[in-house]
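The values are calculated or read from the model by the stated rules, or taken from the named source; none is laboratory data. These numbers come from a predicted model, not from an experiment. Here the Cβ is made from the backbone with ideal geometry for all residues, glycine too, and neighbour counts use every protein chain on show. We work out accessible area using only protein heavy atoms, side chains counted, and drop any ligands, DNA or RNA first. Shrake-Rupley method; radii C 1.70, N 1.55, O 1.52, S 1.80 Å.
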Amino acid sequence: MTSGDDSRSAPSQASARAAVRHPVPEHPAGLAQDPDVQQALEQTGAPAAPPPPVERVQLAWLASHALLLMGSVALYYLLRLDVLHVDERYMPFAQRGTLGAIGVVLVLGAARAVDVFLIRRLHHATTRFNLHRLIRLVAGIAIFFIALSVLSATWYTAVVSLGLISLVLGFALQTPITSFIGWLYILVRTPYRVGDRIRMGDATGDVIDVGYLDTTLWEIGGDYLTTDHPSGRLIKFPNSNVLTTAVINSSWPLFPYIWNEIRFHVAYNSDLEFVASTMQDVAESALGADMRKQVAVYRQLLAQTPVNQLDVRERPSVFFRVSDNTWLIAIVRYLVEPRQAGRVKSRLIVEMLERLNAEPGRVRFPKDDLR
């Protein structure tokens, strides 16, 4: 027996329940102005907002790199033409050092240009932060190669030395290297980002940092709590876990909601129609209007996938299941924002029990020695 599609209503308590309202647009394209969902919207084909203009101070930095590059090139040719009269014993090193300086300026200038014209024009702060770190890492590796070539007499010696070092480090640092590859995977595929609520294996929490080698969560729940309240503990795990363990992410920007349920045991001789209508009325009064908008977004998204035939109800629905202990289980299902799930459930339980207990002749709960 179900009342999921009934149109019953209860007395309005909108002012008391305003805290659980989370308005969302009726169509995914309406989220375009929110920078937190810009990246996901671009993946669905929605038009992107225009990028911000380039700041003058950034252009000044690029100009300074250009001046340094011209100065390094001029110094190199002065050495080649023997204008500076450098001792022949130091001439090869001076020339390699000047070429190294040219290379370093080019690398830093290229990194600055990528930052100004590409990264800073992205709307999502987390993406900008991760790309900044990646650019710094690539620039650091390039500068290391340049320094090695300056200190070595030939490129052959430098490459052989680097190859031997890499071989030794590859065996000694296999696990950190795998975690670094996992970081690159997280950066490119974004299974989660800073601020997302995820579950990976036995770890559940909000992501507060994604480093080169590990991820840090602010734990939710844990061993001593039965709710979704932060436990106060931090969880760290290597990024290599993302390559082998399923990630459950509750914070997808286009649809940051989950379905939740409340269950009550009732007797078979209860007025099941009254139980269903009461539970639905309470949930509908608290969440109905917003839930309809959220489900509209969800249906729009499902229409673009092979699973668009799912029966997704736009109102809180109630259904019954037979329990193993001779009672019926009355279940109400509704949509809620993950971080509000515990608070909303507690509030709805109190309101539902208040209305159901007001009719003891129609609603029979387990009590006394029948619990």
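Observations on the structure shown:
- Strands (runs of 3 or more DSSP E) contained in the stretch 184-271 and holding at least 1 residues without any contact (Cβ under 8 Å) to a residue 40 or more places away in the chain: 203-210, 214-220, 230-238
- Among the residues examined, Leu301 does not qualify as closer than 20 Å to Thr190 by Cβ, in a loop (DSSP other than H, G, I, E, B) and touching a helix residue (DSSP H, G or I) at 6+ places or on another chain (Cβ under 8 Å).
- Residue list for the stretch 167-179, restricted to those being open to solvent by less than 60 Å² (accessible area, probe 1.4 Å) and either outside any helix (DSSP H, G or I) or modelled with pLDDT of 65 or more (or both): Pro176, Thr178, Ser179
- Exactly one residue out of Asp214, Asp206 is farther than 16 Å from Thr244 by Cα, open to solvent by 20 Å² or more (accessible area, probe 1.4 Å), at pLDDT 90 or above and in contact with a strand residue (DSSP E or B) (Cβ under 6 Å, 6 or more places away or on another chain), and it is Asp206.
- Of all the criteria given as (1) under 30 Å from Phe320 (Cβ atoms); (2) open to solvent by 40 Å² or more (accessible area, probe 1.4 Å); (3) in a helix (DSSP H, G or I), the one not satisfied by Gln280 is (2).
- For the stretch 232-247, a residue qualifies if it is hydroxyl-bearing (Ser, Thr, Tyr) and crowded, with 17+ Cβ neighbours inside 10 Å, and exactly one does: Ser240.
- Among residues of the stretch 61-72 that are within 15 Å of Asp115 (Cβ to Cβ), those with a beta-carbon under 7 Å from a residue that is open to solvent by 40 Å² or more (accessible area, probe 1.4 Å) at least six positions away or on a different chain give the pairs Trp61/Arg112; Leu62/Arg112; His65/Leu108; His65/Arg112.
- Scanning the stretch 312-329 for residues that are of a type in the set (Phe, Trp, Tyr) and part of a strand (DSSP E or B) yields a total of 2.
- All positions within the stretch 330-367 that are in a helix (DSSP H, G or I), more than 30 Å from Val207 (Cβ to Cβ) and open to solvent by 10 Å² or more (accessible area, probe 1.4 Å): Val350, Glu351, Leu353, Glu354, Arg355, Asn357
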